[in-house]
Amino acid sequence: MNKSVVIHENELKGVLELLGRLEAAKIHFTLARNQEDAITVEVAVPGQRWEIDCYSNGMLQVEIFKSDGSIRDASAIDELFQDFSD
């Protein structure tokens, strides 16, 4: 038995418009699926990273991560593993 996937035109249209705006502005992005009911648009611009979650109900959520501008040496890699390894 095949199940049909229903894509609501308005919800898909909004996501496609967002992607079109990013492409027109030459802003790099990738797509990910980190949640069952959403597609995440990951945007990388100098000094910032954005996560735009586009939910199946049409809702958008944006989280912005900003750099403080500091540049670290290679010891930061050791800190990364120390702080986030199991």
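The values are calculated or read from the model by the stated rules, or taken from the named source; none is laboratory data. Only a predicted model underlies this, so the values are computations on that prediction, with no experimental measurement involved. Cβ sites come from the backbone with ideal geometry, for glycine too, and all protein chains shown count toward neighbours.
Report yes if residue 39 is at pLDDT 95 or above, under 17 Å from residue 21 (Cβ atoms) and surrounded by 10 or more Cβ atoms within 10 Å (Cβ to Cβ), otherwise no.
no
Search the range 37-54 for residues being of a type in the set (A, V, I, L, M, F, W, C) and in contact with a strand residue (DSSP E or B) (Cβ under 9 Å, 6 or more places away or on another chain), and hand back the single one that is nearest to residue 14 (Cα to Cα).
54
Kindly check whether there is at least one residue in the range 45-68 that is modelled with pLDDT of 90 or more, more than 17 Å from the chain's Cα centre (by Cα) and either among the aromatic types (Phe, Trp, Tyr) or surrounded by fewer than 12 Cβ atoms within 10 Å (Cβ to Cβ) (or both).
Yes, some residue in the range 45-68 is modelled with pLDDT of 90 or more, more than 17 Å from the chain's Cα centre (by Cα) and either among the aromatic types (Phe, Trp, Tyr) or surrounded by fewer than 12 Cβ atoms within 10 Å (Cβ to Cβ) (or both).
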